[in-house]
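Trainee: Mind having a look at this structure? Questions to follow.
Just so you know, all these numbers are worked out from the coordinates, no wet-lab data involved. Just so it is clear, the model here is predicted, and its values are computed rather than measured. For neighbour counting, all protein chains shown are included, and Cβ atoms are generated from backbone atoms with ideal geometry for every residue, glycine included.
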Amino acid sequence: MEEKIYDVSPEWSRRAYLDDAGYKAKYEASVKDPERFWAEEAKRIHWFKQPTRIKNTNFGPENVAIRWFEDGTTNVAYNCIDRHLDTRGDQVAIIWEGDDPSESKKITYRELHDEVCRMANVMRNRGVAKGDRVTIYMPMIPEAAYAMLACARLGAIHSVVFGGFSPDSLAGRIEDAKTAFIVTADEGLRGGRKVPLKENVDAAIERVGPGIVDHVLVVRRTGAAVNMVPGRDVYYDEAAQMVSGECPVEEMNAEDPLFILYTSGSTGKPKGVLHTTGGYLVYTAMTHQYVFDYHDGDVYWCTADVGWVTGHSYILYGPLANGATTLMFEGVPTYPSISRFWDVIDKHNVNIFYTAPTAIRSLMQAGEDPVKKTSRKSLRLLGSVGEPINPEAWEWYHRVVGDGRCPIVDTWWQTETGGILITPLPGATKLKPGSATRPFFGVKPQVVDADGKVLEGQAEGNLVIADSWPGQMRTVYGDHERFVQTYFSTYPGKYFTGDGCRRDADGYYWITGRVDDVINVSGHRMGTAEVESALVAHPKVSEAAVVGYPHDIKGQGIYAYVTLMAGEQPTEELRKELVAWVRKEIGPIASPDLIQFAPGLPKTRSGKIMRRILRKIAEDEFGNLGDTSTLADPAVVNDLVENRQNKR
Ligand code: WT7
């Protein structure tokens, strides 16, 4: 198949910060002398004490440790707010668009300062101090941003838990981070439906047991009557009235933690990815500026939820560090109509739009009319993140949404990387639909084979990063050994991404998806082990194995093989019950798409489940099951193939 290439348009090469030669020169400089390069870039943020030690990083094998700007001091909230007050106090910082199109508001940098200071004072009066952890379980309302920035102001470490997670998942995260303080809302509102956030918090605290959570701060969103525990729970609007709109910022070391964000891995419970202060802010600010070619006055919209890293880095921290106007959307792409995204773009004159392939694919199904009836003339640049974007979706996004005029930046990165690592720059990079193209400044990707041999030129294998960049995670909260094991043991001395990839003749990278037991469902990461352990917690389930399979909208769907306890009957009703069970245990994003009842799972003689075979069956590749002779009972495979569930 002939490869399509989209050249940089003349307008873009004129307006952008960098053209192709500019990219190449800056990239060369960044990898040739990282110390010098990043010492210069560090100046983009305000430091109370300038760093003199720039890079002190070691990918092992021994003593894995990552430190950037380690003798500098700064504060993230100061950089995202206070620093802008003199020059852009009356500029809009956050445009908030509610679930209901009749609700929206604009928050200037000066108003943001007042709100964040109040939130910080409310927290401080209840004992929150530097180094304390705070759990934030919120809908997409401005108070979620205030809470995160208030933590940053006080030097507290936030752990944002996506509002779609269940009380159990929330409880696990509260326990792991040992958070005494929770910020939540009475209810969330998405697509006209209410989400019982406070009720979930109460259930989570019940599960965690006494002595951990002392305070719950409740923001009124819907005004629903919720249970308020005296002495523990307080309404934010009431508390905020009692405090001042000024609050001093805490001077933080560059390597002091900023936040923990839990993410799924191939084994065990979700890991608390820990990001720190200075390097993270420099990296997210820089990538936000260059990747989105952000200029003063632009209106920028990233559709993620603040519960994911994309929301942290590219709704909040990167844009606000750059003094940008960032749009925060409470709702969903299909409410009240399938044109919602495009209506919001017209309503607020959005110039830069950043969303996920799964959203594009689902909107594509409704055809072009819902898009074409809107103007979108303000749009200049489109972005994609979260999973590989298939060329059909890329072309539709480009032709229909962008009217053929807007470049698409397909940005590859991870919760762990803090910011974008592989991406086009709109004024510099020719685009190939489906490729994340080239590394950002300071990033050294390599393709390795299974033995860790570094492959040169055109190659296919696993993606590793050979050296550190400032936005990199520093550790797994409370478990540095797990950090080293997960990311630095597969290919000693290199950061292993967990992704497969291909590099073409032009040096472009094509991410092919996860090579571990992590699946990517609608751009959200799910550990197959987590879904399995939720399933086996059901009294009627004896064993479960979960794999991903190609899904037209979600990218990957969740396929579960379930063996029942002796005497239990596989019924349609039980199938539904198990789906509901997983939703309750983890959250709706973990709902299995297909459940196959299996009398037995394919195991080796030593009892290990051969997931490779299960994956092939789920992918409909029966003819290609590979060697099944090492199975303890090869006959189980026939049953599995015969009873494969069909995609719905
Ligand atoms: C995994 C990370 C990065 C923020 C959102 C997801 C996949 C992400 C792309 C892309 C191909 C992508 C990878 C990665 N991924 N972006 N542009 N092209 N794959 O963060 O939940 O930590 O997931 O998402 O497989 O490892 P995350």
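Trainee: Quick check on the chain: helices-only [θ] at 222 nm, where DSSP H runs of length 4 and up contribute -39,500 (n - 2.57) each and the sum goes over total residues. Nearest 500, please.
Mentor: Estimated from H runs of four or more residues: -8000 deg cm²/dmol.
Trainee: Need one word for segment 77-133: rounded, prolate or oblate. Basis is the Cα gyration tensor (sqrt eigenvalues a ≥ b ≥ c); a/c below 1.5 gives rounded, then a/b vs b/c decides.
Mentor: oblate
Trainee: What base-10 log of the normalised intensity I(q)/I(0) is obtained for segment 397-440 from the Debye formula, alpha carbons as equal point scatterers, at q = 0.13, 0.23 Å⁻¹?
Mentor: The Cα Debye sum returns log10 ratios of -0.30, -0.78.
Trainee: Report the Cα centroid-to-centroid distance between segment 611-639 and segment 446-481 in angstrom, as an integer.
Mentor: If you average the Cα positions of each part, the centres end up 31 Å apart.
Trainee: While we're on this one: Taking Cα pairs under 8 Å and at least six residues apart, what relative contact order does segment 237-377 come out at, in percent?
Mentor: Here the relative contact order equals 18 percent.
Trainee: Considering only Cα-Cα distances, which of the following residue pairs are longer than 30 Å: Lys269/Lys603; Lys24/Lys554; Lys373/Lys432?
Mentor: Pairs exceeding the cut-off: Lys24/Lys554.
Trainee: Per-residue HN-Hα couplings for segment 453-469, Karplus 6.51 cos²θ - 1.76 cosθ + 1.60 at θ = phi - 60°, whole Hz, x for Gly and Pro?
Mentor: After applying 6.51 cos²θ - 1.76 cosθ + 1.60, I find 5, 6, 9, 9, x, 5, 6, 10, x, 9, 8, 10, 10, 7, 8, 6, 10 Hz.
Trainee: Please work out the C-alpha center-to-center distance from segment 115-148 to segment 272-308 and express it in whole Å.
Mentor: 20 Å
Trainee: For segment 88-195, which GluC sites (Glu not before Pro) pass both filters: DSSP loop (anything but H, G, I, E, B) and at most 15 other C-beta atoms within 10 Å?
Mentor: Counting only loop positions with at most 15 other Cβ atoms within 10 Å, the GluC sites (Glu not before Pro) in segment 88-195 are Glu103.
Trainee: Something else: Given H placed 1.01 Å from N in the peptide plane, which residues other than close sequence neighbours of Val409 have an amide H under 5 Å from its amide H?
Mentor: For Val409, the qualifying residues are Leu382, Gly383, Ser384.
Trainee: Right, another one. When you count, for each residue, the other Cβ atoms within 10 Å and take the mean per peptide, how do 285-296, 473-484 rank with the highest first?
Mentor: Output ranking for 285-296, 473-484: 285-296, 473-484.
Trainee: Could you pull out every residue, at least 5 positions away or on a different chain, whose amide H is within less than 5 Å of the one on Val299? Hs are placed 1.01 Å off N in the peptide plane, and Pro or chain starts have none.
Mentor: Asn351, Ile352
Trainee: OK, next. Once amide H atoms are placed 1.01 Å from N in the peptide plane, what residues at a sequence separation of 5 or more from Arg190, or on another chain, have their amide H within under 5 Å of its amide H?
Mentor: Val195
Trainee: Would you mind calculating the relative contact order of the chain from Cα pairs under 8 angstrom and at least 6 residues apart, reporting the percent as a whole number?
Mentor: Relative contact order of the chain: 13 percent.
Trainee: While we're on this one: For segment 344-407, which trypsin sites (Lys or Arg not before Pro) are in a loop by DSSP, counting at most 12 other Cβ atoms within 10 Å?
Mentor: Lys373, Lys377
Trainee: While we're looking at this one, here's another question. Using mean Cβ contacts within 10 Å as the protection proxy, how do 561-573, 316-328, 427-439, 61-73 order, highest first?
Mentor: Top of the packing list down: 316-328, 427-439, 61-73, 561-573.
Trainee: For segment 109-250, what is the largest minus smallest coordinate of the Cα atoms on each principal axis, given in angstrom and ordered from greatest to least?
Mentor: Cα extents, longest axis first: 36, 34, 26 Å.
Trainee: With a Förster radius of 45 Å, plug the Cβ-Cβ distance of Ser244 and Ala466 into 1/(1 + (r/R0)^6) and report the FRET value to the nearest 0.05.
Mentor: That pair, Ser244 with Ala466, gives E of 0.40.
Trainee: Moving on. Considering only C-alpha atoms, what is the centroid distance from segment 522-577 to segment 376-403, in Å?
Mentor: When both Cα centres are located, 33 Å separates them.
Trainee: Please identify the GluC sites (Glu not before Pro) of segment 1-44 that satisfy two criteria: DSSP loop assignment and at most 10 other Cβ atoms within 10 Å. Which are they?
Mentor: Those that pass, being in a loop and sparsely packed, are Glu2.
Trainee: Moving on to the next point. Can you compute 3J(HN,Hα) from phi for each residue in segment 220-236, using the Karplus curve 6.51 cos²θ - 1.76 cosθ + 1.60 with θ = phi - 60°, rounded to whole Hz and x for Gly and Pro?
Mentor: Going residue by residue, I get 7, 10, 9, x, 4, 6, 10, 5, 10, 7, x, x, 10, 9, 9, 7, 5 Hz, with x marking Gly and Pro.
Trainee: A follow-up question, please. Classify segment 522-643 from the C-alpha gyration tensor, please: rounded if a/c falls under 1.5, else prolate or oblate depending on whether a/b exceeds b/c.
Mentor: It comes out oblate by the Cα gyration axes.
Trainee: Okay, next question. Once you sort the root eigenvalues of the Cα gyration tensor of the chain as a ≥ b ≥ c, which label holds: rounded (a/c under 1.5), prolate (a/b larger than b/c) or oblate (the other case)?
Mentor: It is rounded, given that a/c, with a ≥ b ≥ c, falls under 1.5.
Trainee: Oh, and also: Along the charge dipole of segment 522-643, Cβ charges K/R +1 and D/E -1, which of His538, Thr630, Gly523 sits furthest on the positive end?
Mentor: Checking the options against the dipole of segment 522-643, the answer is Gly523.
Trainee: Here is a follow-up. Explain nothing, just compute: Karplus ³J(HN,Hα) = 6.51 cos²θ - 1.76 cosθ + 1.60, θ = phi - 60°, for every residue of segment 534-551 in order, whole Hz, x for Gly and Pro.
Mentor: Each residue of segment 534-551 in turn: 5, 5, 6, 6, 6, x, 8, 9, 9, 9, 8, 9, 10, 9, x, 9, x, 10 Hz.
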